[in-house]
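Reviewing the structure listed below.
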Amino acid sequence: MPRTRTIADVEKELLERLREMRDELSAALDAVNRRIAMLSGAPAARTGNGRQRQRAKAAKAKVGGVLGKPLKAFLVEALSNGGSMRARDLADAVLAAGYRTKDKNFPKAVAVALSTDKQFRRVSRGVYKLA
């Protein structure tokens, strides 16, 4: 006796077919865009998921500075002389060392990074040193 297909089975098969069609159409669209770009001399239109591009862009923005060093590494470097510094002065030193950020309130971000990491110790209000 043949097995009866459930609605879930039919939906699963349909979903699989639709995904295959989407992949084929996406490949065809990419080929068309490349051909248009080649003939017109203009760059090809972007394809792919916009959300994926946003995530990739955000991932790149998370690591700033020279050679992609994280903020923590810049803070350790700035405090490596053994002294203590205010969070605002540390923010200026980190920016001067080449850390890149678009944060509008960067000293606050530095203060949060200092207060949440065990590698730094608070000496007094807003003043930190290496632990």
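Throughout, read-outs are computed from the coordinates displayed, never taken from laboratory work. Note that this is a predicted model, so its numbers are computed, not measured. Methodologically, a virtual Cβ is constructed for each residue, glycine included, from the backbone with ideal geometry; neighbour enumeration extends over all protein chains shown.
Could you rank the peptides 101-111, 11-21 by their average count of other C-beta atoms within 10 Å per residue, with the highest value first?
Working: 101-111: 14.7, 11-21: 10.3.
Output ranking for 101-111, 11-21: 101-111, 11-21.
Model label points for residue 123 and residue 40, set 7 angstrom from Cα along the Cα-to-Cβ axis, are 6.1 nm apart.
Between the beta carbons of residue 26 and residue 101, assuming R0 = 41 Å, the FRET efficiency works out to 0.70 to the nearest 0.05. Cross-link partners for residue 129 among the aspartates and glutamates, with Cα-Cα distance under 20 Å and sequence neighbours closer than 8 places in the same chain left out: 77, 89, 92, 117.
A simple spin-label model places the labels of residue 5 and residue 18 1.5 nm from each other, with each point 7 Å out along Cα-to-Cβ. Here's how it looks for residue 121: its modeled amide H is under 5 Å from those of 129, 130, 131, which are all 5 or more places away or on a different chain.
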